[in-house]
Amino acid sequence: MRAVSFALVVLWTWGCAEAPRLRPPVVRQGAAATRASALIAIEPVGSIGSAGADAGQFQAPAGLVIAPGGELYVADSGNHRVQVIDTRVSAVDVLGAFGWETGEFDTPEALALSPVQRPMLYIAERGGRRVQVCDIANELYRTVVAGSGDNRLDPAGVAVGRRNELYVTDAVGHRVWRLSSDGEVEWTRGGFGRGPDRLDGPSGIALDARGGILVSDTGNGRLVRMDFAGNVGDTWTPEGLQAPGPIAWSDGRWYVCDRGARDVLVLDDAGSLLHRFGASSAGDPSGIAAGEGAVYVADRLAHDIKVFRVVEAKHGD
């Protein structure tokens, strides 16, 4: 890991005097209905970064995840690396570089952090057709899963469960994989098609507080719920949804990037549409992270990270 102190390129607009501190997502069990109903608006705050290859700059940024310490991890896809941004101290750590060896990356697309105490970062590579895991504390890497031939893997999304099990969307194989923490395949679901148990180019995937799974069935223009065992439940088609992509879960809400409409949907736990935002600023929403009153959206076209503030109703409103 290469730590770089620098003048972080952050554009703060709309009257904000300083950057909002990155804070970890907090999910409150059983609070979905109460918190979701309190949403008033989501307002733009500014953006982080610009196009380039220096620290704090991006080329086609994609997956985002917020660490327990508040750092924002960014899959800097076009620069074949992961950047760790901490606006509190104006510093960036750079993980990896282009290549196919362990600890190197080819087009990292999606990120996930293990919810257990030991920090483990999972990196899904579209170009490398594999998922690597990094023990952040010791900076040790290993490949969890890779595919070729009949088992070719094109990982577009990744999520980690409470038992450290791994969920991967395979865009080319039109499947969702679940693997053990050791990389053993426990089940796959899907296969190309439009039926309720079929998928077409799945991409984003995320887990809620109970371990329920939500998958972006991108080619079919819908969202698919699954349980821990991979059983397909409801399918959601919120009004206006075109091509769902990356997903985040925070505080009783789903945040879904619609790469067709070029905006972000906010849904409650039952799939009801609460809000849409970012249509005027999110050129190509290619990654998302949310928590503690803020939403971060990677914009592949603008090569930056858009920052939004969640406005909640005050108690008694």
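The values are calculated or read from the model by the stated rules, or taken from the named source; none is laboratory data. These numbers come from a predicted model, not from an experiment. All Cβ positions, glycine included, derive from the backbone under ideal geometry; neighbour counts span all protein chains shown.
A few comments on the model shown:
- Test for ASP170: is it of a type in the set (D, E, K, R) and in contact with a Leu (Cβ under 6 Å, 6 or more places away or on another chain): yes
- Every test in (1) at pLDDT 95 or above; (2) in a loop (DSSP other than H, G, I, E, B) is passed by VAL89 save one, and that test is (1).
- Counting only strands (runs of 3 or more DSSP E) that sit completely within the stretch 204-254, those holding 3 or more residues that are without any contact (Cβ under 8 Å) to a residue 40 or more places away in the chain and surrounded by fewer than 17 Cβ atoms within 10 Å (Cβ to Cβ) correspond to 232-236.
- Scanning the stretch 44-70 for residues that are within 14 Å of the chain's Cα centre (by Cα) and not in a strand (DSSP E or B) returns a single hit, ALA67.
- Between SER216, SER203, the distinction of being under 25 Å from TRP100 (Cβ atoms) and among the polar types (S, T, N, Q) belongs to SER203 only.
- Whenever a residue of the stretch 50-74 is surrounded by fewer than 18 Cβ atoms within 10 Å (Cβ to Cβ) and at pLDDT 95 or above, its partners that are outside any loop (DSSP other than H, G, I, E, B) and not charged (D, E, K, R), lying with C-beta atoms within less than 6 angstrom and at least six residues away or across chains, give the pairs ALA53/ASN79; GLN59/GLY78; GLN59/ASN79.
- The condition (being free of Cβ contacts under 8 Å to residues at least 60 places away in the same chain, part of a strand (DSSP E or B) and among the basic types (Lys, Arg)) is satisfied by just one residue among ARG189, ARG194: ARG189.
- Filtering LEU241, LEU207 for residues that are over 19 Å from SER114 (Cβ atoms) and modelled with pLDDT of 95 or more leaves a single hit, LEU241.
- Residue match in the stretch 149-157 (condition: within 25 Å of ASN220 (Cβ to Cβ), of a type in the set (Asp, Glu) and under 19 Å from the mean Cα position of the chain (by Cα)): yes
- Boolean, ALA146 is within 18 Å of ARG81 (Cα to Cα) and either within 19 Å of the chain's Cα centre (by Cα) or surrounded by fewer than 23 Cβ atoms within 10 Å (Cβ to Cβ) (or both): no
- Condition met for ASP200 (surrounded by fewer than 18 Cβ atoms within 10 Å (Cβ to Cβ) and touching a Ser or Thr at 6+ places or on another chain (Cβ under 8 Å)): yes
- Any chance GLN117 is assigned to a loop (DSSP other than H, G, I, E, B), farther than 19 Å from SER286 by Cβ and among the polar types (S, T, N, Q): yes
- Wholly within the stretch 124-179, strands (runs of 3 or more DSSP E) carrying at least 3 residues that are touching a Ser or Thr at 6+ places or on another chain (Cβ under 6 Å) and closer than 22 Å to LEU214 by Cα: 155-160, 175-179
- In the stretch 290-304, residue surrounded by the most Cβ atoms within 10 Å (Cβ to Cβ) [restricted to those that are touching a residue at least 24 places away in the same chain (Cβ under 8 Å) and in contact with an Asp or Glu (Cβ under 7 Å, 6 or more places away or on another chain)]: ASP299
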